[in-house]
Amino acid sequence: MSEEGPTLTIIISHPSAEYFARQIGERFPQVRTIVAPDPARLERHIHEADALLGFRFPVELFDRAKKLRWFQSTGAGVDSISPIRDRAGHLMVTNARGIHGDIIADYVMAGATMLHWNLPGFLGDQAQRKWNPRFVTPLAEKTLGVVGLGSIGAAIARRAKSAGMTVVGAKRDPSVQVEDVDRLFGPGDLTDMLPLCDFVVLAVPATPDTVGLIGALEIACIRCDAFLINIARGNIVVEAELTKALRTGAIAGAMLDVFEREPLQRDSPLWGMPNVIVTPHVSGNPANYEERAFQIIAENIALFMAGQPLKNSVDLRRGY
Ligand code: OXD
């Protein structure tokens, strides 16, 4: 630490806070870190911090965070700050986008393959020692639709294209082309896009415009032989409507990594549905996550201290 004291105080609210504090200490000895993996410590010290590093923004502590100028999220989605976005205009908000695309594309292609082949059905047959052959259309003859074509959606589109699939996608401004997407739709044209899809993949951030985006009308546009894969946020889909559609066979099945309430409630019917694969919000978790995130965090600490624009900045008005 320099004689004048720390140039920047970062409070770290994350299960791996110790790891991040150690890395920051080694790279930036002039930076003071406060390790606050638990809410009580965060509440006690947030008033001292210029910057907050964490997965979620603690909106309940916003009024105490008088010195705070920067929130660096360790994740991609920054929807946790959305409730106070009208009061947080002075904050710089940055995320860790760029480290999730490949692993989420792996997850989506694994899910598409499992659902399309009905691999859970084969596992059921295997458990009963049943020999039950069938024929399957190659994925390359199928269409995958991505709702949201940011860095994650674009990575999914690239992977689906490399599997030979037809790829369609919806984005805010469809006049700007996206590589590997055969046909683009605007946000108002979702009901035109959905019937074309054998797989609908949700990859939009949760913003006031996208919460509840997939409701009864949109679900009715998904074909009864098509599958939904959600790697975005649970509240993009009206879960009760989705559950009904899955139960009645109005859509063929789903792979769900995110839910309206997490952890998914033990009594949720989704757990027990044979056409649903439930995973515990893991699709964006590559191994060595902290190391990957720290590359972005370190770059941003250096930029912050140099008074330069930060990398991966998020526009709070848009929500991404
Ligand atoms: C993220 C996530 O936002 O994992 O990074 O959901």
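Quick note: the coordinates plus some simple rules give every number you see, no bench work behind them. In this text the structure is predicted, and so the values were computed from the model without any measurement. Counting neighbours? That spans all protein chains shown, and the Cβs are built from the backbone with ideal geometry, glycine included.
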Highest GNM mean-square fluctuation, the chain, Cα pairs closer than 10 Å: which of LEU184, LEU217, LEU144? LEU217
Tell me, in nm to one decimal, what length is gained between LEU123 and ARG266 on full extension, where the rule is 0.36 nm per residue of separation less the Cα-Cα distance? 49.2 nm
Coil-residue GluC sites (Glu not before Pro) of segment 1-100, DSSP, other Cβ within 10 Å capped at 10: GLU3, GLU4
Expressed as a whole-number percentage, the relative contact order of the chain with C-alpha contacts under 8 angstrom and at least six residues apart is 15
Interchain or sequence-distant (5+) residues whose placed amide H lies within less than 5 Å of the amide H of THR74 are GLY54, PHE55
Segment ALA302-ALA40, extension gain: residue separation times 0.36 nm, minus the distance between their alpha carbons: 91.4 nm
Would you work out if segment 101-278 is rounded, prolate or oblate? Take a ≥ b ≥ c from the square roots of the eigenvalues of the alpha-carbon gyration tensor; rounded if a/c is under 1.5, else prolate when a/b is larger than b/c, oblate otherwise. oblate
Pick out which of VAL176, VAL204, VAL31 has the largest mean-square fluctuation in a Gaussian network model of the chain, springs linking Cα atoms closer than 10 Å. VAL176
What residue among PHE259, PHE135, PHE304 shows peak mean-square fluctuation when the chain is described by a Gaussian network model with Cα springs under 10 Å? PHE135
7 Å from Cα along Cα→Cβ at both GLU291 and GLU141: what's the point-to-point distance in nm? 4.3
What whole-number distance in Å separates the alpha-carbon centres of segment 247-313 and segment 90-135? 14
Given axes a ≥ b ≥ c from the Cα gyration tensor, I'd like to know whether the chain is rounded (a/c under 1.5), prolate (a/b larger than b/c) or oblate. prolate
Skipping prolines and chain starts, which residues have an amide H placed within reach, meaning under 5 Å, of the one on ILE229, given they are 5 or more residues away or on another chain? VAL200, VAL201, LEU202, MET255
